[in-house]
1. Kindly indicate the residue of the stretch 86-105 that is in contact (Cβ under 8 Å) with a residue 40 or more places away in the chain and hydrophobic (A, V, I, L, M, F, W, C) and also most open to solvent (accessible area, probe 1.4 Å) among those meeting that condition.
2. Do we find that Pro31 is in a helix (DSSP H, G or I), in contact (Cβ under 8 Å) with a residue 60 or more places away in the chain and surrounded by fewer than 18 Cβ atoms within 10 Å (Cβ to Cβ) in this structure?
3. If the Cβ limit is 9 Å and pairs must be 6+ apart or interchain, which residue in the stretch 35-58 that is assigned to a strand (DSSP E or B) pairs with which residue that is small (Gly, Ala, Ser)?
4. So Asp23 clears everything in (1) outside any strand (DSSP E or B); (2) at pLDDT 95 or above except one condition, right? Which one?
5. From (1) in a strand (DSSP E or B); (2) over 18 Å from Met1 (Cα atoms); (3) not aromatic (Phe, Trp, Tyr), pick out the condition that doesn't hold for Ile77.
6. Is there a residue being modelled with pLDDT of 95 or more, surrounded by fewer than 19 Cβ atoms within 10 Å (Cβ to Cβ) and in contact with a Pro (Cβ under 8 Å, 6 or more places away or on another chain) anywhere in the stretch 8-17?
7. Anything in the stretch 40-55 that is in contact with a helix residue (DSSP H, G or I) (Cβ under 9 Å, 6 or more places away or on another chain) and more than 21 Å from Gly81 (Cβ to Cβ)? List them, or say none.
8. Applying the selection to the stretch 66-85, what residues are within 20 Å of Asp27 (Cα to Cα) and either open to solvent by 60 Å² or more (accessible area, probe 1.4 Å) or touching a residue at least 24 places away in the same chain (Cβ under 8 Å) (or both)?
Amino acid sequence: MVELDKENFEAEVLNAEGIVLVDFFSDGCVPCNALIPAIHGFEETYGNKIKFVSLNITKARRLAIGQKVLGLPVIAIYRGGVKVDEVVKDDATPANIEAMIKKHL
């Protein structure tokens, strides 16, 4: 999984070809940390079709706000540099994340 920052977000997500899943998280977000094993599992399963990346918003708050990430966790799907889907907060469960991934394959 590519770790993003404000320097490489544009190149890795907004200018990327294909589908990109972005895991927006922060160090102190307990639900975010609980999702990490599931997201890594999805990367093993779907990584040949979707690019998986993560952004720690602790050091990129303006970027997160610019992407309309206002609460955590947020797992978003981008296609052609545009956010096309996301699961947020309590809806960010492994089952909902996998359903969103399958919807965009």
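The values are calculated or read from the model by the stated rules, or taken from the named source; none is laboratory data. Just so you know, these numbers come straight off a predicted model, no measurement behind them. All Cβ positions, glycine included, derive from the backbone under ideal geometry; neighbour counts span all protein chains shown. These accessible areas exclude ligands, DNA and RNA; they are computed on the full protein's heavy atoms, side chains included. Shrake-Rupley method; radii C 1.70, N 1.55, O 1.52, S 1.80 Å.
1. Checking each candidate, the answer is Leu105.
2. Taking the combined requirement at face value, the residue satisfies it.
3. Filtered contacts from the stretch 35-58: Ile50/Gly18; Lys51/Ala16; Lys51/Gly18; Val53/Ala16; Leu55/Ala64; Asn56/Ser26.
4. The one condition Asp23 does not meet is (1).
5. Here Ile77 meets the rest and fails (2).
6. Among the residues of the stretch 8-17, not one is modelled with pLDDT of 95 or more, surrounded by fewer than 19 Cβ atoms within 10 Å (Cβ to Cβ) and in contact with a Pro (Cβ under 8 Å, 6 or more places away or on another chain), which makes the answer no.
7. Gly41, Phe42, Thr45
8. Keep residues of the stretch 66-85 that are within 20 Å of Asp27 (Cα to Cα), which gives 66-76.
Of everything in the stretch 66-85, those that are within 20 Å of Asp27 (Cα to Cα) and either open to solvent by 60 Å² or more (accessible area, probe 1.4 Å) or touching a residue at least 24 places away in the same chain (Cβ under 8 Å) (or both) turn out to be Gln67, Lys68, Val69, Leu70, Leu72, Pro73, Val74, Ile75, Ala76.
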